[in-house]
């Protein structure tokens with residue numbers, strides 16, 4: 001038998017190692033519309049989907065009792081500031097801002113209908129970036145596309161998801177599907193001019209994030225009140241949570257009342273024309289746009305560039321907050337999260353720390369296509385943690401946090417948050433010990449910290 005060259009053997013092994021996607025088929029096939037197919041045309045309910053529990057998933061990460069539907073909606077926010085068109089000759093340009101959102105909800109499925117869908121996204125950063133070109137891909141999800149909503153589910157709390165810069169509305173499907181199965185209406189935003197496909201100057205992100213969030217809250221509230229809507233009667237926007245990742249936390253904090261500092265407004269090379277003043281703490285325009293329907297926030301790898309927030313401004317965060325961060329975050333920095341946590345003195349707040357993790361603590365696992373593009377792989381994947389593990393732990397703590405602080409069910413969820421600070425100090429084998437991290441299987445409460453502080457004063 002003729003021996004194969006070592007290089008060929010290695011190449012063959014590499015291809016085989018990467019040939020199977022969670023959808024179950026070779027991921028290098030290209031569909032007619034130019035997407036990496038990933039075998040999503042033949043998805044099965046037995047396949048693994050992002051957000052599914054690993055064997056070591058903590059207790060509250062499991063899906064809830066509801067079947068899940070998903071729909072894509074197009075919104076238009078009329079007459080908004082077009083900051084990208086700003087010039088000395090045109091200091092207040094306006095445009096109708098188009099937004100795409102993905103909505104997950106409790107669903108009523110037909111007998112032959114499966115909880116399977118396909119999501120589309122691209123690798124890359126912006127439409128015209130030769131260093132990071134758009135590379136389309138697809139992946140599977142555990143939700144039924146355009147399914148009938150379960151009308152028996154009434155007045156459900158609303159969760160808004162705001163991605164990073166750049167990102168997409170489907171980069172956190174692990175969370176959106178999970179929460180919808182537990183009786184939440186979830187709306188994830190494609191922030192125009194800030195997605196993988198269309199990222200532009202960060203000025204757009206700075207001006208638009210809190211406005212996008214507030215607009216989507218209002219749009220979802222109207223959807224719930226419209227008798228012709230598929231979600232009629234199902235949305236209680238008065239109970240809204242905002243989940244942000246990276247620059248999404250900037251939007252979440254701003255929408256929740258934390259205004260920009262004077263230094264941020266005056267920052268050279270920042271938002272032109274001092275338009276950021278409209279989001280400054282104490283500015284009447286900012287005060288007028290605040291949405292009291294936001295009752296809690298979850299902030300992954302939070303944005304806190306030096307000087308952007310002030311100690312005075314952060315005191316305006318008066319809703320309960322959960323900060324989730326890696327101890328080695330190289331992008332926004334662990335110190336930034338610590339500063340927010342320390343200075344948000346009027347918020348009942350938690351700080352969940354993954355020891356050794358960097359910035360990518362909130363995304364889906366890297367799609368297989370990213371294996372061929374190291375820069376894009378790093379955009380998704382934690383080097384020290386398995387992202388599936390992170391997703392499960394995040395599901396657990398977010399479920400507990402929302403259950404206690406949004407639903408007001410402390411008796412059911414409070415003990416999952418009342419934990420010793422260091423998970424490594426909890427008993428390894430005796431889950432009945434009062435110092436054990438509740439909800440974790442034996443030997444699995446490793447490598448985490450959970451700090452918590454009560455609000456000093458809430459007016």
- request: Using the structure shown, decide if residue 92 is assigned to a loop (DSSP other than H, G, I, E, B), closer than 30 Å to residue 273 by Cβ, modelled with pLDDT of 95 or more and in contact with a strand residue (DSSP E or B) (Cβ under 9 Å, 6 or more places away or on another chain).
  value: yes
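For the structure I just gave you, tell me whether residue 299 is outside any strand (DSSP E or B) and either free of Cβ contacts under 8 Å to residues at least 12 places away in the same chain or at negative phi (or both).
Numbers: outside any strand (DSSP E or B): no; either free of Cβ contacts under 8 Å to residues at least 12 places away in the same chain or at negative phi (or both): yes.
No.
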(1) part of a helix (DSSP H, G or I); (2) crowded, with 21+ Cβ neighbours inside 10 Å all hold for residue 351 apart from (1)
The condition from (1) closer than 28 Å to residue 62 by Cα; (2) more than 20 Å from the chain's Cα centre (by Cα); (3) touching a residue at least 12 places away in the same chain (Cβ under 8 Å); (4) in a helix (DSSP H, G or I) that residue 339 misses is numbered (1)
Q.
Looking for something within 30 Å of residue 275 (Cβ to Cβ), in contact with a helix residue (DSSP H, G or I) (Cβ under 8 Å, 6 or more places away or on another chain) and not in a strand (DSSP E or B) - is there at least one such residue anywhere in region 68-84?
A. yes
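To keep it simple, each residue is scored yes or no on (1) at pLDDT below 95; (2) closer than 30 Å to residue 121 by Cβ.
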{"residue": "288", "(1), (2)": "yes, no"}
{"residue": "304", "(1), (2)": "yes, yes"}
{"residue": "317", "(1), (2)": "no, no"}
{"residue": "324", "(1), (2)": "no, yes"}
{"residue": "334", "(1), (2)": "no, yes"}
{"residue": "343", "(1), (2)": "no, no"}
{"residue": "346", "(1), (2)": "no, no"}
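So in region 206-233, with the set limited to residues that are over 24 Å from residue 305 (Cβ atoms) and in contact with a helix residue (DSSP H, G or I) (Cβ under 6 Å, 6 or more places away or on another chain), which one is surrounded by the most Cβ atoms within 10 Å (Cβ to Cβ)? Talk me through it step by step, then tell me what you get.
Our first condition is that a residue be over 24 Å from residue 305 (Cβ atoms); within region 206-233, this holds for 215-233.
From what is left, the residues that are in contact with a helix residue (DSSP H, G or I) (Cβ under 6 Å, 6 or more places away or on another chain) are 229, 231.
Values: 229: 15, 231: 21.
Checking each candidate, the answer is 231.
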Taking region 414-423 and keeping residues assigned to a helix (DSSP H, G or I) and either free of Cβ contacts under 8 Å to residues at least 40 places away in the same chain or in contact with a strand residue (DSSP E or B) (Cβ under 9 Å, 6 or more places away or on another chain) (or both) leaves 414, 415, 423
Checked region 166-205 for anything surrounded by fewer than 24 Cβ atoms within 10 Å (Cβ to Cβ), in contact with a strand residue (DSSP E or B) (Cβ under 8 Å, 6 or more places away or on another chain) and farther than 19 Å from residue 50 by Cβ; matches are 183, 192, 197
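Let's see how each residue does on (1) in a helix (DSSP H, G or I); (2) farther than 23 Å from residue 381 by Cα:
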site	(1), (2)
171	no, no
175	yes, no
180	yes, yes
210	yes, yes
216	yes, yes
219	yes, yes
222	yes, yes
228	no, yes
231	no, yes
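Each row is one residue, and each column tells you yes or no for (1) crowded, with 23+ Cβ neighbours inside 10 Å; (2) over 30 Å from residue 393 (Cα atoms).
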| position | (1), (2) |
| --- | --- |
| 253 | yes, no |
| 258 | yes, no |
| 271 | yes, yes |
| 284 | no, yes |
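How many of the residues in region 363-385 are touching a helix residue (DSSP H, G or I) at 6+ places or on another chain (Cβ under 7 Å) and outside any helix (DSSP H, G or I)? Full working, then the answer.
Pass one, region 363-385, residues touching a helix residue (DSSP H, G or I) at 6+ places or on another chain (Cβ under 7 Å): 363-366, 370-371, 376-377, 380-382.
Filter again for outside any helix (DSSP H, G or I), leaving 363-366, 381-382.
Residues flagged as touching a helix residue (DSSP H, G or I) at 6+ places or on another chain (Cβ under 7 Å) and outside any helix (DSSP H, G or I) within region 363-385 amount to 6.
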Given (1) buried (at least 18 other Cβ atoms within 10 Å of the Cβ); (2) closer than 19 Å to residue 243 by Cα; (3) touching a helix residue (DSSP H, G or I) at 6+ places or on another chain (Cβ under 9 Å), residue 290 misses just (1)
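The values are calculated or read from the model by the stated rules, or taken from the named source; none is laboratory data. Since the structure is predicted, the reported quantities are computational estimates derived from the model, not experimental observations. Positions of Cβ are backbone-derived with ideal geometry, glycine not excepted, and every protein chain shown enters the neighbour counts.
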